[in-house]
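A.B. asks: The structure follows.
The values are calculated or read from the model by the stated rules, or taken from the named source; none is laboratory data. Since the structure is predicted, the reported quantities are computational estimates derived from the model, not experimental observations. Note: ideal-geometry Cβ built from the backbone for every residue, glycine included; neighbour counts use all protein chains shown.
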Amino acid sequence: MTQKVEIYTDGACSGNPGPGGWGVVLRYKNTEKEMSGFEAMTTNNRMELKAAIEGIKALTRSIRIEVYTDSQYLRDGITKWLFQWKKNNWRLSNKSPVKNQDLWEELDALTQNHDVSWHWVRGHSGHPENERADALARQAIEEALKTKV
């Protein structure tokens, strides 16, 4: 059996833009790790990307990864749109720049050393790990608001 890591991600914002948080639940065999963070002024989509980036950055070696996200923007961006964006020099079909290019480039680079599968799960539908990632992201927003960053 191939070893794999499961990564459950979520991002959230209080206002969009506004204070944002991201949450990650990593599972490898019987071990779980939770991570979260925040930014003072950001968007929900940036936090979704940041959650995936931070989850993958936490890995210490190349491995098979199953990423679960409730963000179709994240899943479709990495699996459907990224190739064309890069081919078009980070421009959309209407010639406007791709939003969040910096994070897309970072995520793209991070995934090169892993075998990654991307899965969409319906948000706020009782999926335990997605709910936990959401709670971590929302707790991070509370931290951002407390620290008034």
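A.B. asks: Checking Arg122 against (1) over 13 Å from the mean Cα position of the chain (by Cα); (2) of a type in the set (Lys, Arg); (3) modelled with pLDDT of 95 or more: exactly one of these is not met. Which one?
C.D. replies: Condition (3) is where Arg122 drops out.
A.B. asks: Given the criteria at pLDDT 95 or above and either assigned to a loop (DSSP other than H, G, I, E, B) or aliphatic (A, V, I, L, M) (or both), does Ala144 qualify?
C.D. replies: It is false that Ala144 is at pLDDT 95 or above and either assigned to a loop (DSSP other than H, G, I, E, B) or aliphatic (A, V, I, L, M) (or both).
A.B. asks: Moving on to the next point. Among the residues of segment 1-17, write down those that are part of a loop (DSSP other than H, G, I, E, B) and touching a Gly at 6+ places or on another chain (Cβ under 8 Å).
C.D. replies: Matches in segment 1-17: Ser14 only.
A.B. asks: Criterion first (at pLDDT below 95 and in contact with a Gly (Cβ under 7 Å, 6 or more places away or on another chain)) does Ala133 satisfy it?
C.D. replies: no
A.B. asks: Turning to a different aspect of this structure: Looking only at segment 110-119, filter to residues that are part of a strand (DSSP E or B) and not small (Gly, Ala, Ser); which one of those is farthest from the chain's Cα centre (by Cα)?
C.D. replies: Once the filter is applied, the top-ranked residue is Asp115.
A.B. asks: Are there helices (runs of 4 or more DSSP H) fully within segment 18-109 with at least 1 residues that are without any contact (Cβ under 8 Å) to a residue 24 or more places away in the chain and of a type outside the set (Val, Ile, Thr)? List them.
C.D. replies: It comes to 72-76, 82-87.
A.B. asks: Of the conditions (1) of a type in the set (S, T, N, Q); (2) modelled with pLDDT under 95; (3) closer than 16 Å to Leu74 by Cα, Ser93 satisfies every one except a single condition; which number is it?
C.D. replies: (3)
Residues checked against (1) modelled with pLDDT of 95 or more; (2) buried (at least 23 other Cβ atoms within 10 Å of the Cβ); (3) not hydrophobic (A, V, I, L, M, F, W, C):
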| position | (1), (2), (3) |
| --- | --- |
| Lys33 | yes, no, yes |
| Leu49 | yes, yes, no |
| Gly55 | yes, yes, yes |
| Thr69 | yes, yes, yes |
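A.B. asks: Within segment 77-91, is even one residue surrounded by fewer than 11 Cβ atoms within 10 Å (Cβ to Cβ) and small (Gly, Ala, Ser)?
C.D. replies: Within segment 77-91, none of the residues are surrounded by fewer than 11 Cβ atoms within 10 Å (Cβ to Cβ) and small (Gly, Ala, Ser).
A.B. asks: Has segment 129-138 got any residue that is in a loop (DSSP other than H, G, I, E, B), closer than 28 Å to Gln3 by Cα and of a type outside the set (Phe, Trp, Tyr)?
C.D. replies: No.
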